[in-house]
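**Student:** Below is a structure I'd like to ask you about.
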Amino acid sequence: MIFSRVQDFISDAMYETNVEALKSTLSKYINPLGFDMHTCVSIVDLTNPPPSALLILDFPTPWVERYIEQNYIEKDVIFRKAVRDMQAFKWQDVSYDDSMSHQIFDEASEFGIKNGVTVPINMPGYYPATVNIIGENCDVSDEDYHAIHLISVYYYNAIIRIQKSKYADDFQEMDLAPREKECLHWVAQGKSDTDIGDILFLSPHTVHSYVESAKRKLHVSTRTQAAVRAVFCGLIVP
């Protein structure tokens, strides 16, 4: 069910040729989950971003202006956690343990920014970035969380593809070994190295080696990114 939803998003988004159309496609999938805003932002100085930085801020303009003017990025507990951990997380699981964090969250709530999922992405050759799926849904289920996580990774990949037209072609040429493809197929289904080892009659260590090799070939930093990119490039079928 989870990957079916993700695959539907990929099918709808893979032919988009401009960011605005891609944003509309994303909205079609996140709105039913209670989210109506998102960002895709490079981790850079927002007051003076470099030309190649991603700055997609699908927020009310007054909030964006306030956030940048007040330099909230240095005090935002969500941003700090994303940079520190570089792992996806639900906002509802974050502790707002200081007065400034509470102030930022209270001000954001005035604009409907009450909860979300943050997915940090670190792709070689690009600035680290975060995709944030945001809205008023205050109880993100595990199933919705996993779907949003995968969709966010693909959304980022699609933005890069649009901004650099030869991006997808570069990865079409990646030659994954049969075992690497098999392992990524099961990674896409949410299986651990141990689970995959049981299915393929391999040791978890061997599975881990295949997944790491595939990550290097696909130039990604996480197994989730590898699985999504392999699907996108037609290297595996989910």
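**Student:** Could you grab the pairs with beta carbons closer than 8 Å, sequence gap of 6+ or different chains, first residue in the range 59-80 and within 13 Å of residue 96 (Cβ to Cβ), second one aromatic (Phe, Trp, Tyr) and surrounded by fewer than 16 Cβ atoms within 10 Å (Cβ to Cβ)?
**Tutor:** Within 8 Å, the pairs are 77/96.
**Student:** Under 6 Å by Cβ, and 6 or more places apart or on different chains, what pairs join a residue from the range 8-23 that is over 13 Å from residue 160 (Cα atoms) with one that is in a helix (DSSP H, G or I) and not small (Gly, Ala, Ser)?
**Tutor:** Hits for this filter: 9/29; 9/151; 10/154; 12/25.
**Student:** Would you check which residues across the range 175-199 are farther than 12 Å from residue 226 by Cα and either of a type in the set (Asp, Glu) or surrounded by fewer than 16 Cβ atoms within 10 Å (Cβ to Cβ) (or both) and list them? Spell out the reasoning first.
**Tutor:** The first filter runs over the range 175-199 and keeps only residues farther than 12 Å from residue 226 by Cα, leaving 175, 177-179, 182, 189-199.
If the condition is that a residue be farther than 12 Å from residue 226 by Cα and either of a type in the set (Asp, Glu) or surrounded by fewer than 16 Cβ atoms within 10 Å (Cβ to Cβ) (or both), then 175, 177, 178, 182, 189, 190, 192, 193, 194, 195, 198, 199 are the ones that fit.
**Student:** Could you grab me the full set of residues in the range 19-63 that are basic (Lys, Arg) and closer than 12 Å to residue 159 by Cβ?
**Tutor:** Matches in the range 19-63: 23 only.
**Student:** Related question: If residue 32 satisfies all but one of (1) part of a helix (DSSP H, G or I); (2) touching a residue at least 12 places away in the same chain (Cβ under 8 Å), what's the number of the condition it fails?
**Tutor:** Here residue 32 meets the rest and fails (2).
**Student:** Failed condition for residue 28, given (1) at pLDDT below 85; (2) surrounded by fewer than 16 Cβ atoms within 10 Å (Cβ to Cβ), with all others met?
**Tutor:** (1)
**Student:** Residues of the range 69-122 being of a type in the set (Lys, Arg) and either surrounded by 15 or more Cβ atoms within 10 Å (Cβ to Cβ) or under 15 Å from the mean Cα position of the chain (by Cα) (or both), which ones?
**Tutor:** Result: 81, 90, 114.
**Student:** Considering the range 114-163 alone, what residues qualify as being among the polar types (S, T, N, Q) and part of a helix (DSSP H, G or I)?
**Tutor:** Filtering the range 114-163 for residues among the polar types (S, T, N, Q) gives 115, 118, 122, 130, 132, 137, 141, 152, 157, 163.
Hits for the range 114-163 are 152, 157, 163.
**Student:** Further question: Inspect all residues belonging to the range 50-61 and state whether any of them is exposed (fewer than 14 other Cβ atoms within 10 Å of the Cβ) and at positive phi.
**Tutor:** Checked against the condition, which is being exposed (fewer than 14 other Cβ atoms within 10 Å of the Cβ) and at positive phi, the range 50-61 yields no hits at all.
**Student:** Inspect all residues belonging to the range 41-48 and state whether any of them is modelled with pLDDT of 85 or more, surrounded by fewer than 18 Cβ atoms within 10 Å (Cβ to Cβ) and farther than 14 Å from residue 151 by Cα. Working first, answer last.
**Tutor:** Of the residues in the range 41-48, the ones modelled with pLDDT of 85 or more are 41-43.
With the extra rule that they be surrounded by fewer than 18 Cβ atoms within 10 Å (Cβ to Cβ), the set shrinks to none.
No; the residues of the range 41-48 include none that is modelled with pLDDT of 85 or more, surrounded by fewer than 18 Cβ atoms within 10 Å (Cβ to Cβ) and farther than 14 Å from residue 151 by Cα.
The values are calculated or read from the model by the stated rules, or taken from the named source; none is laboratory data. Because the structure is a prediction, the values reported are computed rather than measured. All Cβ positions, glycine included, derive from the backbone under ideal geometry; neighbour counts span all protein chains shown.
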